[in-house]
Structures are given as C-alpha cells and as structure tokens.
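Student: Below you will find the structure I want to go over with you.
The values are calculated or read from the model by the stated rules, or taken from the named source; none is laboratory data. Remember, predicted model here, so these are calculated numbers, not experimental data. In this analysis, Cβ positions are derived from the backbone assuming ideal geometry, glycine residues included, and neighbour counts consider all displayed protein chains.
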C-alpha cells in the first residue's frame, strides 16, 4: 500500500508530521480526520523521478520502460483493467524506482486521471511520443494495439542504440588504453631512467631530451592538465545548455566527414520511424510532426521541422517541404511523394527508416573496421617513439664503447 507524508494540525497551535499508509490521497485525508487531525499537506512517498533528471536517468533504464510497455500490452490484451495491470507489473519488477513510479501512477488513475495524463507527469521516462500514442489509443479504444506498437518501436530503438555503442566501444577502448600507457611511461618509467642518463655525463640525443622535458612537465604540472581538461569539459557542457551553443555544435557535427552522414541518417531514420508510428495510429501529419520534433536530438534538424510545420499549415504537402529542404536527400523526398500519392505514407516512412538504419549500421561497421587499425597505428607510433627515445642513449654508449 502506498505511503503518504503528511503535515497536520493536532491542536490549533500545534503541527505534527508523519507517514501514513492509504489507498489514495483522499483515503489518507479520511484516515487522518478519523484520528482527529486536520491535514494541511499530503505528499506521496515516492521517488520523484519527474522532478529530478539525475535520479531518472541512471535508475530506470530504457530497457525497463520497454519491458513495462510489453507487459502492460499483454495484460490489457488479456482484458485486465489498467489498475490491476499496473498492480501486477509492480509486483513482478525488481526496480524499486520504477515500482515507486507505478505506485504514483496508480494513485493518479484512482483519483480519476487517465493513463496518458498520469504518464505525462514523468516526461524524462515517458516522452511526448509515448504519452501522445497512449492518448490516441485511449480515445480510439485500441490501447493494446498502441502499446504493442510502442513496445516494438522502443525495442527497435534500443537495438539500434546498442549496435551503435557496440561499434564504437572497441575503438574508444583502444584509445583509452593507449593514453593510459603513455601516461604511465611519462609519469613513472622515464623518471626512473633519468638518473641513469644523468650519470652518463654526456650530451643526450635530442629526442631523449625532449622526452625528459615532457616527462618533467607531466610530473610537475599533471594537476594543471587535469584542471584544463575538466574546465574544457565544464565550459562545453555549459555552452551546450544554451540553444545557440547546441545549434553550433549540432551544425558542426553535420559537417564532419563521415560522422555528419551518420548523424543525419540516424536522425532521419528516427524521425521517419516516429512519424510512421504516429500516422499509422491515425494522428494527422501536422500533429505527428509536432510530436516527432521532440524525439529529434539535432537542433539543426529541429529547426527544419519547425519550418515544415509552418509550411504544412500554409497548405504545402510533406513531400514539398522535403523537396525545398537542403538537409533531406532526394531519396527521402521521392519515397514520401510516392507514399502520399498511393495513400500509404506510413509504410513509405517505415521503409525509409529501415533502409537508413541498415545503411547507418553498414557505414558504422566499415568506419570502425578502418578506425581500429588507424588508432592502433597512431598509438603504436607514439609508444614506439617514446621507447626509441629512451633507448637512444643506450645505443650511444654501445657505439662509444666500441
């Protein structure tokens, strides 16, 4: 049973605070009244994930939301009502933060709110797309179908994100190991060889002197390097919080060779998949675009979609908007035009999404296959130069002895 934190008057001049178990907020008020208290404040004792992004992000994963959606779809399809479905799911999951959210959803629904309105209280967990689809399912009376489509959509999104992460994990791992190796050589290995070099009483080779100077700087000013990196990360993160900073960064990403193509096609794939899902559920193109805009991460593309909304309001078709845009390839425009003419726009959009998803995966695989040997070559060269610079004085001694 949910718990509520309350503040109440036990006497005209005396306030008390505590917790009480109750089925709903009204039930908690009634219980306090029966105890002779006059409640002035009642708050559900749940983890307020809607208010704290810090708690939401790491504690409830996208996989948890996918499982919740799939389970809810199965239960609704089996003619179990919403309240019983949420109760059943709450007893089956192990994530205490998600259990807290479900308890709050149950309270809101018992108090008369719809499922979509209750989910809207947690925007960092349930996106505008999610709540809009649920609302459309409630109005259309096909909530179980909508939940099935949402679960499929979320699973596909998660699979795509995982494939991107998997493709980039190994190159980043190689870079991290290379940087760690260089730091150990500069910070620990070279300083122990400096004493031996000083005992030689001869001029060291230039590469060795440069390396010793770098090692000395690293030993003395390592804190400065760490501080500069931390300041740079902090400044960039702060700039990214401002709309203009995000716009500049996203514009730069689209112009980078290879990366720009990957970013654009990934965003177009997400956009067309989202639009297809919304249109197949009977939501008009204008409102579908409005909801889909929130699912797009790139600010340049978001601005373009805002223009599309104005153009569609003025009477243009979606394909005409795409044709006038410099961001969308001709392939996308042509497929959308065919879909509009044949009355199967949602299927055409889904085809674009699938094609671009496969293409992004192919580009990523090819890119990482090329990137791995390049990174290993660069790291090998750097480490090799360091090792060679350390060995040069020893070679010099051998030559002098001979």
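Student: Against the conditions (1) assigned by TED's automatic domain parsing to the domain that holds residue 388; (2) closer than 29 Å to residue 272 by Cβ, where does residue 184 fall short? Just the number, please.
Tutor: Result: residue 184 fails condition (2) only.
Student: When you check residue 332 against the structure, is it closer than 25 Å to residue 152 by Cα, in contact (Cβ under 8 Å) with a residue 40 or more places away in the chain and surrounded by 13 or more Cβ atoms within 10 Å (Cβ to Cβ), yes or no?
Tutor: Details: closer than 25 Å to residue 152 by Cα: yes; in contact (Cβ under 8 Å) with a residue 40 or more places away in the chain: yes; surrounded by 13 or more Cβ atoms within 10 Å (Cβ to Cβ): yes.
Answer is yes for this residue.
Student: Determine which single condition residue 207 fails, assuming it passes every other condition in (1) surrounded by fewer than 11 Cβ atoms within 10 Å (Cβ to Cβ); (2) touching a helix residue (DSSP H, G or I) at 6+ places or on another chain (Cβ under 8 Å).
Tutor: With respect to (1) surrounded by fewer than 11 Cβ atoms within 10 Å (Cβ to Cβ); (2) touching a helix residue (DSSP H, G or I) at 6+ places or on another chain (Cβ under 8 Å), residue 207 is out only on (1).
Student: Of the residues that make up the range 157-170, is at least one within 30 Å of residue 61 (Cα to Cα), out of contact with any helix residue (DSSP H, G or I) (no Cβ under 7 Å at 6 or more places or on another chain) and surrounded by 15 or more Cβ atoms within 10 Å (Cβ to Cβ)?
Tutor: Yes, because at least one residue in the range 157-170 is within 30 Å of residue 61 (Cα to Cα), out of contact with any helix residue (DSSP H, G or I) (no Cβ under 7 Å at 6 or more places or on another chain) and surrounded by 15 or more Cβ atoms within 10 Å (Cβ to Cβ).
Condition check ((1) buried (at least 16 other Cβ atoms within 10 Å of the Cβ); (2) at pLDDT 75 or above; (3) closer than 30 Å to residue 155 by Cβ) across all residues:
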position	(1), (2), (3)
17	no, no, no
21	no, no, no
32	yes, yes, no
42	yes, no, no
61	no, yes, yes
75	yes, yes, yes
83	no, yes, yes
103	yes, yes, yes
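Student: Scan the range 255-279 for residues that are touching a residue at least 24 places away in the same chain (Cβ under 8 Å), in a helix (DSSP H, G or I) and surrounded by fewer than 17 Cβ atoms within 10 Å (Cβ to Cβ) and report the count.
Tutor: 1
Student: Among the residues of the range 287-294, are any over 27 Å from residue 158 (Cβ atoms) and in the same structural domain as residue 253 (by TED's automatic domain parsing)?
Tutor: Among the residues of the range 287-294, not one is over 27 Å from residue 158 (Cβ atoms) and in the same structural domain as residue 253 (by TED's automatic domain parsing), which makes the answer no.
Residue-by-condition table, conditions (1) closer than 26 Å to residue 357 by Cα; (2) modelled with pLDDT under 85; (3) assigned to a loop (DSSP other than H, G, I, E, B); (4) under 15 Å from the mean Cα position of the chain (by Cα):
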| site | (1), (2), (3), (4) |
| --- | --- |
| 118 | no, no, no, no |
| 121 | no, yes, yes, no |
| 130 | yes, yes, no, no |
| 135 | no, yes, no, no |
| 138 | no, yes, no, no |
| 145 | yes, yes, no, no |
| 153 | yes, yes, no, no |
| 159 | yes, yes, no, yes |
| 177 | no, no, no, no |
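Student: Same structure again: Within the range 308-328, take every residue that is closer than 20 Å to residue 346 by Cβ and touching a residue at least 24 places away in the same chain (Cβ under 8 Å) and give me the one that is surrounded by the most Cβ atoms within 10 Å (Cβ to Cβ).
Tutor: Step by step, filter the range 308-328, then rank; the result is 318.
Per-residue answers, yes or no, for (1) in a helix (DSSP H, G or I); (2) at pLDDT 85 or above; (3) closer than 30 Å to residue 214 by Cα:
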| site | (1), (2), (3) |
| --- | --- |
| 356 | yes, yes, no |
| 365 | yes, no, no |
| 370 | yes, no, no |
| 394 | yes, no, yes |
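Student: Any residue that is in contact with a helix residue (DSSP H, G or I) (Cβ under 8 Å, 6 or more places away or on another chain), within 21 Å of residue 164 (Cα to Cα) and modelled with pLDDT under 85 - is there at least one of those in the range 228-245?
Tutor: The answer is no; no qualifying residue exists.
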